[in-house]
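This report refers to the structure that appears directly beneath it.
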Amino acid sequence: MLILQNDRHREHAGRHEMYRGRLVECVEVPERAELVLGELHRRGFARVERPAVRADMTVVESVHDLRYLAFLRQAWDHWIALDSANASFDILPSVWPNQGLRRDAPTQNFSAQVGRYAFDAGSPITRGTWDACLAGAASAIEAARRVASGSERGALVVTRPPGHHAGRDFFGGYCFLNNAALAAQTLRDAGHARVAILDVDYHHGNGTQSIFYRRADVLTVSIHGDPATEYPFYLGYADERGEGEGEGFNLNRPLPKGTAFDAWRRELDIALEAVARFGASALVVALGVDAYKADPISGFLLDSADFTTIGSLIASARLPTVFVLEGGYAVAEMGINVANVAEGFSL
Ligand code: SP5
Ligand code: ZN
């Protein structure tokens with residue numbers, strides 16, 4: 001399996017996220033990716049590449065909104081132009097255009113713009129967020145190209161920040177650009193007529209779902225904590241099946257907090273059956289490992305060994321596969337869990 005690493009991920013390093021009325025330390029930290037790379041190296045995954053840091057903007061602009069991209073690119077400069085003292089603080093929203101307010105209101109006020117594009121107050125924009133995200137996008141696009149050409153059966157993109165909560169024109173859930181969606185679109189552009197995205201992160205991939213919700217060419221399937229009690233709360237229910245041409249091409253499998261691997265694994269079988277029935281010729285896996293039992297912000301009970309099984313069950317789909325790193329916050333164990341998936345897939 002080919003490993004592609006985002007060399008600029010460290011440039012995104014949020015300090016605080018809003019949680020229960022206070023600013024708490026970010027759980028989505030640079031060490032996460034470092035520990036994954038360290039463990040992959042220890043396990044003998046020797047083919048590690050660092051792709052060009054320039055992403056193909058044609059792909060990025062086909063998945064994301066132009067004005068949203070311009071906002072993200074310029075956000076830090078605008079922030080410090082307001083007040084040079086802002087450099088010591090991350091950008092977080094404090095006002096949102098919901099409940100009857102106009103998202104398209106003709107304001108360029110900076111706070112108004114942040115709130116227009118953010119859906120939570122847990123996803124700080126920092127000085128290096130844009131550069132880190134763009135390099136991550138480049139890694140995901142390159143991985144998809146290598147898999148699409150048939151030169152690799154599988155590729156793993158080790159990147160952060162994650163992507164599956166980011167939509168066409170919004171960020172949140174620690175995500176800004178949707179790397180899995182960029183990989184899927186790249187596979188489509190390379191000639192794969194039907195591409196499936198399987199999201200195994202603990203949290204519902206609301207961004208990915210919304211990007212492809214009206215499309216029949218990309219199937220989105222997600223196994224996640226029931227949004228009735230788990231983040232992101234407002235999407236991810238079983239009755240969301242897609243809309244218009246996309247009807248029938250979104251599958252949500254919410255599971256209660258406390259679910260262990262025997263029940264989780266049955267859902268993976270259902271998800272992989274849906275991928276096979278759809279007739280996908282390529283697969284993108286949104287690989288969060290926060291279903292792990294010791295994850296500090298999640299509620300499933302998977303063991304490290306279960307991730308090896310997940311890797312081998314995904315391999316049994318016999319599809320060219322791009323894995324993209326998403327969540328996972330039990331930092332000490334996350335390298336092991338990701339490497340277990342890679343090993344299970346490669347056996
Ligand atoms: C990619 C991904 O897994 N995103 C998850 C975003 C979840 N954000 C909300 C979590 C709320 C709990 N935060 C508590 C921090 C306490 N240290
Ligand atoms: Zn997650």
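The values are calculated or read from the model by the stated rules, or taken from the named source; none is laboratory data. No experiment lies behind these values; they were computed from the predicted model shown. Heads up, the Cβs are rebuilt from the backbone with ideal geometry, glycines too, and the neighbour counts pull from every protein chain shown.
Here residue 271 meets the list (1) in contact (Cβ under 8 Å) with a residue 40 or more places away in the chain; (2) within 16 Å of ligand 2 (Cβ to nearest atom); (3) crowded, with 16+ Cβ neighbours inside 10 Å almost entirely, failing just condition (2). For the range 116-127, a residue qualifies if it is buried (at least 20 other Cβ atoms within 10 Å of the Cβ), away from ligand 2 (no atom under 16 Å from the Cβ) and not aliphatic (A, V, I, L, M), and the qualifying residues are 116, 117, 124, 126.
Going through (1) within 28 Å of residue 5 (Cα to Cα); (2) among the small types (Gly, Ala, Ser); (3) in a loop (DSSP other than H, G, I, E, B) one by one, residue 100 falls short only on (1).
In the range 3-27, the qualifying residues are those that are within 18 Å of residue 86 (Cα to Cα) and not charged (D, E, K, R), and the one that is surrounded by the most Cβ atoms within 10 Å (Cβ to Cβ) is 12.
Total residues in the range 212-234 satisfying the condition of being touching a strand residue (DSSP E or B) at 6+ places or on another chain (Cβ under 6 Å) and under 16 Å from residue 276 (Cα atoms): the figure is 5. For the range 250-347, the helices (runs of 4 or more DSSP H) that sit wholly inside it and include 3 or more residues that are touching a Ser or Thr at 6+ places or on another chain (Cβ under 7 Å) are 331-346.
Give the range 252-268 a look and list any residue that's touching a residue at least 24 places away in the same chain (Cβ under 8 Å) and closer than 20 Å to residue 227 by Cβ, or say none. Passing the criteria: 252, 253, 254, 255, 256, 257, 258, 259, 260, 264, 267, 268. Can residue 75 be described as more than 16 Å from ligand 1 (Cβ to nearest atom), within 19 Å of residue 134 (Cβ to Cβ), modelled with pLDDT of 95 or more and of a type in the set (Gly, Ala, Ser)? So residue 75 fits the description; yes. Within the range 193-208, the residues that satisfy the criterion of being more than 14 Å from ligand 1 (Cβ to nearest atom) and over 15 Å from residue 285 (Cβ atoms) are 193, 194.
Scanning the range 35-53 for residues that are more than 16 Å from residue 157 (Cβ to Cβ) and among the basic types (Lys, Arg), which turns out surrounded by the fewest Cβ atoms within 10 Å (Cβ to Cβ)? Result: 42. Residues that are touching an Asp or Glu at 6+ places or on another chain (Cβ under 9 Å) and assigned to a loop (DSSP other than H, G, I, E, B) within the range 103-127 comprise 120, 121, 122, 123, 124, 126, 127, listed in sequence order. When you scan the range 87-95, do you find a residue that is more than 25 Å from the chain's Cα centre (by Cα), loosely packed, with under 13 Cβ neighbours inside 10 Å, closer than 30 Å to residue 147 by Cα and at pLDDT 95 or above, even just one? No.
Scanning the range 58-71 for residues that are surrounded by 14 or more Cβ atoms within 10 Å (Cβ to Cβ) and either on the phi > 0 side of the Ramachandran plot or free of Cβ contacts under 8 Å to residues at least 24 places away in the same chain (or both) turns up just one, 69.
Of everything in the range 24-53, what is within 16 Å of ligand 1 (Cβ to nearest atom) and without any contact (Cβ under 8 Å) to a residue 24 or more places away in the chain? Give them in sequence order. Correct list: 24, 25.
Residues in the range 1-42 that are touching an Asp or Glu at 6+ places or on another chain (Cβ under 7 Å) and in a loop (DSSP other than H, G, I, E, B) were compared, and the one that is nearest to ligand 2 (Cβ to nearest atom) is 26.
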